[in-house]
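Written out below as structure tokens is the structure these notes cover.
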Amino acid sequence: MDDIDFLVFSALFKDAYAKCFGHALKNQLTETESKIFCNKILEQTGLSIGWKSVKNYSFFITDAAAGKKENPSVATLDTMARYVLGAPYTTEIQRKDNESHYPYWFLYREKHILNAKKIKPKKSTARIAMLAVAIVIVVVIGAWLYIRFSSKEKSFTDQFDHTDDAAMLNNGWFVKSKDAAYWNKRAAIPGQLTLYTLGGDNWPDPSSKPDIKNLLLRKIPGDCFTAEVHLKNFIPRQEWQQAGILLLEDTSFTGKSIRLSLAYNDVFGGIEKPREILIQAITSLGNNFGKPEEIAHKPIFYIDSMRFHPQVIDNLQNTALRIEKHGNRYRFLYAGGTRENGAFTEVVSKEFDMKPRYIGLFAIKGFTNSDIMPVSFKFFRITADACE
């Protein structure tokens with residue numbers, strides 16, 4: 001890495017650090033800070049950087065004379081540049097196919113070099129004029145941000161009229177663990193988002209890594225909130241088919257989580273019980289913290305009863321799930337029926353020490369051999385509430 005590229009890399013690293021932590025880089029990064037830094041970049045860009053490399057970069061940048069010389073790859077520089085410049089979410093495969101020329105690194109490099117070559121005006125009047133313009137810009141941007149984040153960002157509704165990549169990105173959604181074959185079928189029903197009960201689960205399993213394919217995520221707008229999702233004609237028919245809402249502290253499934261879902265169950269630990277379709281709520285303390293806890297298990301109806309009362313299945317024409325969070329108190333609610341405006345009833349209310357940062361929509365079948373079936377999401381809303 002020549003002197004110019006080192007200066008640009010140093011500026012890029014400091015810009016990325018400031019964006020992640022909200023303040024300027026002063027000291028070398030610790031292991032924890034390096035991991036947080038890498039997770040932030042992964043969450044926004046979809047691309048990963050090794051935390052050990054990031055830690056070494058910080059040593060090199062803050063003390064180039066004493067530190068070991070570093071020579072980051074162009075792919076790493078492009079990933080950092082994508083993070084700083086707010087590039088669209090992607091994956092390593094997509095970047096290799098479409099942007100193997102690493103455009104964001106060279107864009108950042110060009111801008112930095114041009115800015116460094118600009119001649120500062122000598123006249124004080126020019127400096128004063130520039131300062132005045134800057135103040136006006138800051139005030140205008142500040143007012144715009146206040147209006148935007150105090151209104152629009154505190155309430156978001158999506159009726160999934162448009163599910164193309166551009167619409168999803170503009171609405172703040174991003175996809176984790178994309179399965180392209182099924183993700184490309186998400187518009188199977190116009191005006192609805194269709195996910196599929198693919199194999200996977202966020203529930204820890206001794207033989208399988210936690211993973212949910214095509215998990216649709218967005219950031220939560222506040223500490224206290226109400227989130228609601230509506231499903232259309234979802235009737236799970238085999239073991240462990242389910243769909244619903246997932247709350248996460250992080251996107252790597254290492255932190256705490258809460259899952260609320262409409263699910264099928266025919267496993268009772270060897271005890272003979274009728275097969276059921278139920279509303280289930282599960283909390284997890286995260287990786288390496290033991291088993292999850294089922295805090296709600298509310299059967300909607302038993303499969304065997306359909307022989308005598310086939311009309312009960314109509315209750316799944318319109319299913320709605322809602323989570324309300326105020327402090328550490330969570331309420332889980334369910335509504336169903338033939339009409340779309342059925343009333344919610346509380347399933348359970350529970351204290352749980354968790355500060356979720358992301359909310360997701362999912363469809364899974366666990367780690368089973370059950371069939372893959374479509375799940376239609378027709379409405380989603382989340383609002384930031386006042387915390388008492």
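The values are calculated or read from the model by the stated rules, or taken from the named source; none is laboratory data. Computed from a predicted structure; not experimentally measured. In this analysis, Cβ positions are derived from the backbone assuming ideal geometry, glycine residues included, and neighbour counts consider all displayed protein chains. Ligands, DNA and RNA are stripped out before the accessible areas are found, and what is left, the full protein with its side chains, is counted by its heavy atoms. Shrake-Rupley method; radii C 1.70, N 1.55, O 1.52, S 1.80 Å.
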Review point. Do we have any residue at all in segment 39-51 that's at pLDDT 90 or above and more than 26 Å from residue 214 (Cα to Cα)?
Key: no
**Study point:** Cross-chain or 6+ apart pairs with Cβ under 7 Å, segment 156-177 first and under 25 Å from residue 48 (Cα atoms), then of a type in the set (D, E, K, R)
**Key:** 171/158; 172/218; 172/219; 173/218; 177/211; 177/213
**Study point:** residue 76 more than 21 Å from the chain's Cα centre (by Cα), open to solvent by less than 60 Å² (accessible area, probe 1.4 Å), modelled with pLDDT under 90 and of a type in the set (Val, Ile, Thr)
**Key:** no
Exercise for review: Please identify the pairs in which a residue from segment 353-380 that is under 17 Å from residue 156 (Cα atoms) has its Cβ atom under 7 Å from the Cβ atom of a residue that is of a type in the set (Phe, Trp, Tyr) and buried (at least 18 other Cβ atoms within 10 Å of the Cβ), counting only partners at least 6 apart or on another chain.
Suggested key: 361/377; 361/380; 377/160; 378/160
Review point. Does residue 372 satisfy the condition of being among the aliphatic types (A, V, I, L, M) and either within 21 Å of the chain's Cα centre (by Cα) or within 15 Å of residue 263 (Cβ to Cβ) (or both)?
Key: no
Review point. With (1) in a strand (DSSP E or B); (2) open to solvent by 10 Å² or more (accessible area, probe 1.4 Å); (3) polar (S, T, N, Q) as the list, and residue 254 as the residue in question, which single condition is left unmet?
Key: (1)
Review point. Looking at segment 151-250, what strands (runs of 3 or more DSSP E) fall wholly within it and have at least 2 residues that are closer than 20 Å to residue 323 by Cα and hydrophobic (A, V, I, L, M, F, W, C)?
Key: 215-219, 225-232, 242-248
Point to revise | Filter result (assigned to a helix (DSSP H, G or I) and open to solvent by less than 60 Å² (accessible area, probe 1.4 Å)) within segment 93-111 | key: 95, 103, 104, 105, 108
Check your understanding: Does segment 175-198 contain any residue that is closer than 26 Å to residue 264 by Cα and of a type in the set (Asp, Glu)?
Key -> yes
Point to revise | Residues of segment 215-234 satisfying the condition of being open to solvent by less than 20 Å² (accessible area, probe 1.4 Å) and either touching a Leu at 6+ places or on another chain (Cβ under 6 Å) or over 22 Å from residue 252 (Cα atoms) (or both) | key: 216, 224, 225, 228, 229, 231, 234
Exercise for review: From 295, 300, 323, grab the single residue that is free of Cβ contacts under 8 Å to residues at least 60 places away in the same chain, under 21 Å from residue 210 (Cβ atoms) and among the β-branched types (Val, Ile, Thr).
Suggested key: 295
Check your understanding: Condition test on residue 81, is it in a loop (DSSP other than H, G, I, E, B) and open to solvent by less than 20 Å² (accessible area, probe 1.4 Å)?
Key -> no
**Study point:** Pairs where the first residue, in segment 183-212, is more than 21 Å from residue 251 (Cβ to Cβ) and touching a residue at least 60 places away in the same chain (Cβ under 8 Å) and the second is of a type in the set (Lys, Arg) and surrounded by 16 or more Cβ atoms within 10 Å (Cβ to Cβ), C-beta under 6 Å, 6+ apart
**Key:** 192/378; 194/186
Point to revise | Residue that is at pLDDT below 85, closer than 30 Å to residue 190 by Cα and of a type in the set (Gly, Ala, Ser), where the choices are 155, 151, 124 | key: 151
Check your understanding: Failed condition for residue 306, given (1) within 16 Å of residue 263 (Cβ to Cβ); (2) free of Cβ contacts under 8 Å to residues at least 12 places away in the same chain, with all others met?
Key -> (1)
**Study point:** Evaluation of residue 237 against (1) open to solvent by 10 Å² or more (accessible area, probe 1.4 Å); (2) over 18 Å from residue 283 (Cβ atoms); (3) modelled with pLDDT of 95 or more (one fails), failing number
**Key:** (3)
Check your understanding: Could you give every pair whose Cβ atoms fall below 6 Å, whose first residue belongs to segment 103-123 and is of a type in the set (D, E, K, R), and whose second residue is at pLDDT 85 or above, counting only separations of at least 6 or pairs across chains?
Key -> 109/8
